[in-house]
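Have a look at the structure below, then the notes.
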Amino acid sequence: MKGYKLTTQNLTTNGFQWELGKPVTTSGKGELCGPGWLHFYEHPLLAILHNPIHAAIDNPRLFEAEVGGLIKRDGQIKAGCTEMTLSLEIQVPEISIEQRVRYAIGCALA
């Protein structure tokens, strides 16, 4: 399954060093934001729109990733898996303030 992962410019998240093409596995134990899960998004726009309330990475890099193993979701907001391999760096989408506001209003109405 394809997922999307944000990292810092140094390919780190929460102190973990990622490597392109290197598989990573975790236990699947505990809460979604804990060490047992590898955090990802199901669409690149969700990654960028939700970054401020999740990782809050300044100037993030965005990767397509192959995700598998156990999958755990928090609605459509975010997801976690127990197996992930960063496969391809992609361009971070640019989202205007107007688009962010429209998204926020749509979420509030839902």
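The values are calculated or read from the model by the stated rules, or taken from the named source; none is laboratory data. On a predicted model such as this, the values are computed, not experimentally measured, just so you know. Glycine gets a Cβ as well: all are built from the backbone with ideal geometry, and neighbour counts include every protein chain shown. Remember, those area values only see protein heavy atoms, side chains included, never the ligands or the DNA or RNA. Shrake-Rupley method; radii C 1.70, N 1.55, O 1.52, S 1.80 Å.
Here are some notes:
- Test for I71: is it modelled with pLDDT of 95 or more and either open to solvent by less than 20 Å² (accessible area, probe 1.4 Å) or of a type in the set (A, V, I, L, M) (or both): yes
- Of all residues making up segment 72-88, the number that are under 13 Å from the mean Cα position of the chain (by Cα) and not basic (K, R): 9
- Where a residue in segment 89-110 is aliphatic (A, V, I, L, M) and its partner, wherever it lies, is open to solvent by 70 Å² or more (accessible area, probe 1.4 Å), with Cβ under 9 Å and at least six apart: V92/N59; I95/L45; I95/Y103
- Residue count for segment 74-97, restricted to those that are open to solvent by 90 Å² or more (accessible area, probe 1.4 Å) and either among the β-branched types (V, I, T) or at pLDDT below 95 (or both): 3
- Per the conditions (1) within 11 Å of the chain's Cα centre (by Cα); (2) of a type outside the set (K, R); (3) loosely packed, with under 15 Cβ neighbours inside 10 Å, the sole criterion not satisfied by P35 is (1).
- Some residue of segment 6-16 being open to solvent by less than 30 Å² (accessible area, probe 1.4 Å), within 12 Å of the chain's Cα centre (by Cα) and hydroxyl-bearing (S, T, Y): yes
- Matching strands (runs of 3 or more DSSP E) fully within segment 1-79 where at least 2 residues are of a type in the set (S, T, Y): 2-7
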